[in-house]
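To start, the structure itself, in structure tokens.
The values are calculated or read from the model by the stated rules, or taken from the named source; none is laboratory data. Please read these numbers as outputs of a predicted model, since none were measured by experiment. In this analysis, Cβ positions are derived from the backbone assuming ideal geometry, glycine residues included, and neighbour counts consider all displayed protein chains.
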Amino acid sequence: MIKIRLQYEWQPQPGRGAVVNAVLFDVLYAVHETGLLAEAARRVGMSYRHVWGLMGKWERIFGRPLVALRKGRGASLTDFGRKLLWAEQLVQARLVPELESVRHAIGKVLAPIERLLGTTLLSSSTVNSIRNRGLGFPNTGLR
């Protein structure tokens, strides 16, 4: 069976290689929930030092602070940190279900082709062979 995975990625500086992984959002959410960087680190299974470094890295990439640390008063998300977390939650709520729907639709279209050909991959030569024989792609509208 053909297995398809669709995903999105955050690139604060497209073309420069920095891709935000889910850990940043996990940390931001944990800081928001706990109000403590140390507790946020525990919740995501990382050391305080590692989370501190992660925040510094992403603050440099984004060019603004994500978390405000106050001596004796814990931590809180900055306005930018809150908006970034909100944006990720929006993506999760709206885009992820759409990606799943598209993945399902692609699977439905490719499954009959896979059964017809008895293979899990379609090379360009296989596709051209099907087209040259006038077989088309059943139930897809493709020729």
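Could you go through segment 115-133 and let me know if any residue there is at pLDDT 60 or above and surrounded by 12 or more Cβ atoms within 10 Å (Cβ to Cβ).
Looking for residues that are at pLDDT 60 or above and surrounded by 12 or more Cβ atoms within 10 Å (Cβ to Cβ), one finds at least one in segment 115-133, hence yes.
Of all the residues that make up segment 86-113, how many are among the small types (Gly, Ala, Ser) and surrounded by fewer than 13 Cβ atoms within 10 Å (Cβ to Cβ)?
Pass one, segment 86-113, residues among the small types (Gly, Ala, Ser): 87, 93, 101, 105, 107, 111.
Cutting the leftovers down to surrounded by fewer than 13 Cβ atoms within 10 Å (Cβ to Cβ) gives us 87, 93, 101, 105.
Of the residues in that region, 4 qualify.
Quick check on segment 61-75. Is at least one of its residues on the phi < 0 side of the Ramachandran plot, within 20 Å of the chain's Cα centre (by Cα) and charged (D, E, K, R)? It would help to see each step written out before you state the result.
As a first pass, look at segment 61-75 and keep what is on the phi < 0 side of the Ramachandran plot: 61-62, 64-71, 73, 75.
Subset that is within 20 Å of the chain's Cα centre (by Cα): 61-62, 66.
With charged (D, E, K, R) added as a condition, the list becomes none.
The answer is no, given that none of the residues of segment 61-75 is on the phi < 0 side of the Ramachandran plot, within 20 Å of the chain's Cα centre (by Cα) and charged (D, E, K, R).
Looking at segment 85-104 only, could you name the residues that are among the hydrophobic types (A, V, I, L, M, F, W, C) and closer than 14 Å to Ala30 by Cβ? Full working, then the answer.
Residues of segment 85-104 that are among the hydrophobic types (A, V, I, L, M, F, W, C), as a first pass: 85-87, 90-91, 93, 95-96, 99, 102.
Leu85 - this is the single residue of segment 85-104 that is among the hydrophobic types (A, V, I, L, M, F, W, C) and closer than 14 Å to Ala30 by Cβ.
If you check every pair at least six apart or on different chains, which have Cβ atoms under 8 Å apart with a residue in segment 32-50 that is within 16 Å of Gly72 (Cβ to Cβ) first and a residue that is basic (Lys, Arg) and in a helix (DSSP H, G or I) second?
Thr34/Arg43
Could we say that Trp58 is within 30 Å of Lys108 (Cβ to Cβ), surrounded by 13 or more Cβ atoms within 10 Å (Cβ to Cβ) and touching a residue at least 24 places away in the same chain (Cβ under 8 Å) here?
Numbers: within 30 Å of Lys108 (Cβ to Cβ): no; surrounded by 13 or more Cβ atoms within 10 Å (Cβ to Cβ): yes; touching a residue at least 24 places away in the same chain (Cβ under 8 Å): yes.
Considered against the rule, which asks whether it is within 30 Å of Lys108 (Cβ to Cβ), surrounded by 13 or more Cβ atoms within 10 Å (Cβ to Cβ) and touching a residue at least 24 places away in the same chain (Cβ under 8 Å), Trp58 comes out as no.
Would you mind stating whether Ala68 is among the aliphatic types (A, V, I, L, M), closer than 30 Å to Ala105 by Cβ and loosely packed, with under 15 Cβ neighbours inside 10 Å? Working first, answer last.
On the way: among the aliphatic types (A, V, I, L, M): yes; closer than 30 Å to Ala105 by Cβ: no; loosely packed, with under 15 Cβ neighbours inside 10 Å: yes.
No; evaluated as a whole, the condition is false for this residue.
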